[in-house]
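A.B. asks: Quick one: the structure is below, questions incoming.
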Amino acid sequence: MNEPLYPWLQPHWQQLWAYAEQQRIPQALIFSGHSGLGKEALALAFAHSLLCLSPHNGLACRMCHACDLLEAGNHPDLLFLQPEETGKQIGIDAVRRLLSQLALKPQYQRQRMVLIQPADAMNTAAANAFLKCLEEPTERTSFILLTSHANRLPATIRSRCQHLHFLPPITELATNWLKQQGVNQSPEVLLAMAQGSPILALEYARQGIEKLRGQIFED
């Protein structure tokens, strides 16, 4: 991925790239908001643009060696912290493994990025261990914490991060985007079911959830 895929992410993208242009990349960012708004897509796009050796207009070039590694999913300076299984917690052992990786210098001369998703899955011990990363920052390393429940993160972590909160786009923008994806039947209903999250509404459309909803109402 080399650019934000969704039009409603443009204001956040511009804010993030301004950090890069000013060489003031935050040590830690929290991306919060409902699922289905594209938080992960934006985090990956930002990470790719910072790791790319020859970004163009703020976007990864997709042609350099770093982009080849990113495309293959094995760039050494893009790290992930996440549960081993969906719905499970992130334990202290996973954070300790991350700390051991961060003890080494980045392998390339650009930024090292760590994406944590969902950040609120860290248990108490893991969160306390991760706090050391923020209190004792390592060289050229930035963290992006993705969460739908920012209030579940310890205040000590929240206070050390800059916060980008993602809100559902206006209905017109969301419905137009859904129609561009081929969703022409009841996009407004799907958006309502998805609490305004277009990506989740698209998933519902592909699963036929709206049709099933209508059948339930008829029954």
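The values are calculated or read from the model by the stated rules, or taken from the named source; none is laboratory data. Since we're looking at a predicted model, the values are computed, not measured. Note that each Cβ is placed from the backbone with ideal geometry, even for glycine, and that neighbours are counted across all protein chains shown. Side chains included, ligands, DNA and RNA excluded: accessible areas come from the protein's heavy atoms. Shrake-Rupley method; radii C 1.70, N 1.55, O 1.52, S 1.80 Å.
A.B. asks: Can we say Ala174 is assigned to a helix (DSSP H, G or I), in contact with a Lys or Arg (Cβ under 7 Å, 6 or more places away or on another chain) and in contact (Cβ under 8 Å) with a residue 24 or more places away in the chain?
C.D. replies: Considered against the rule, which asks whether it is assigned to a helix (DSSP H, G or I), in contact with a Lys or Arg (Cβ under 7 Å, 6 or more places away or on another chain) and in contact (Cβ under 8 Å) with a residue 24 or more places away in the chain, Ala174 comes out as no.
A.B. asks: Now for a different question. Residues in the range 179-201: is at least one on the phi > 0 side of the Ramachandran plot and in contact with an Asp or Glu (Cβ under 9 Å, 6 or more places away or on another chain)?
C.D. replies: Yes, the conditions are met somewhere in the range 179-201.
A.B. asks: Identify all residues within the range 117-130 that are open to solvent by less than 30 Å² (accessible area, probe 1.4 Å), out of contact with any helix residue (DSSP H, G or I) (no Cβ under 6 Å at 6 or more places or on another chain) and more than 16 Å from Phe31 (Cβ to Cβ); write none if there are none.
C.D. replies: Ala127, the sole residue that qualifies.
A.B. asks: So His163 ticks every box in (1) within 28 Å of His75 (Cβ to Cβ); (2) crowded, with 16+ Cβ neighbours inside 10 Å; (3) within 20 Å of the chain's Cα centre (by Cα) but one. Which box is left unticked?
C.D. replies: Of everything listed in (1) within 28 Å of His75 (Cβ to Cβ); (2) crowded, with 16+ Cβ neighbours inside 10 Å; (3) within 20 Å of the chain's Cα centre (by Cα), His163 misses just condition (2).
A.B. asks: Might you let me know whether the range 96-105 holds any residue that is under 25 Å from Leu5 (Cβ atoms), over 16 Å from the mean Cα position of the chain (by Cα) and among the basic types (Lys, Arg)?
C.D. replies: No.
A.B. asks: On to the next question. Only one of (1) open to solvent by less than 50 Å² (accessible area, probe 1.4 Å); (2) at pLDDT 95 or above is not met by Arg158, so which one is it?
C.D. replies: If we test Arg158 against (1) open to solvent by less than 50 Å² (accessible area, probe 1.4 Å); (2) at pLDDT 95 or above, just (1) comes out false.
A.B. asks: Restricting to the range 121-158, count the residues that are under 19 Å from the mean Cα position of the chain (by Cα), among the small types (Gly, Ala, Ser) and not in a strand (DSSP E or B).
C.D. replies: Residues that pass the stated criteria total 4.
For every residue, the table says whether it meets (1) in contact (Cβ under 8 Å) with a residue 40 or more places away in the chain; (2) hydrophobic (A, V, I, L, M, F, W, C).
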| site | (1), (2) |
| --- | --- |
| Tyr6 | yes, no |
| Pro11 | no, no |
| Gln23 | no, no |
| Ala66 | yes, yes |
| Pro76 | no, no |
| Lys88 | no, no |
| Asp93 | no, no |
| Pro106 | no, no |
| Ala119 | yes, yes |
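A.B. asks: Contact list please: Cβ distance under 8 Å, first residue in the range 143-168 and of a type outside the set (A, V, I, L, M), second residue open to solvent by 70 Å² or more (accessible area, probe 1.4 Å) and at pLDDT below 95, pairs at least six apart or on different chains.
C.D. replies: Once the first residue is of a type outside the set (A, V, I, L, M) and sits in the range 143-168, its partners that are open to solvent by 70 Å² or more (accessible area, probe 1.4 Å) and at pLDDT below 95 give Ser148/His34; Arg160/Glu135; Phe166/His34; Pro168/His34; Pro168/Gln195.
A.B. asks: For Pro169, all conditions in the list (1) part of a helix (DSSP H, G or I); (2) under 25 Å from Pro7 (Cβ atoms); (3) within 21 Å of the chain's Cα centre (by Cα) hold save one; what is the number of the exception?
C.D. replies: Failing condition for Pro169: (1).
A.B. asks: So for the range 83-103 (the condition being under 23 Å from Tyr19 (Cα atoms) and in contact with a strand residue (DSSP E or B) (Cβ under 9 Å, 6 or more places away or on another chain)), does at least one residue qualify?
C.D. replies: Yes: one or more hits.
A.B. asks: The conditions are (1) under 16 Å from Leu9 (Cα atoms); (2) modelled with pLDDT of 95 or more, and Leu79 fails exactly one of them. Which is it?
C.D. replies: (1)
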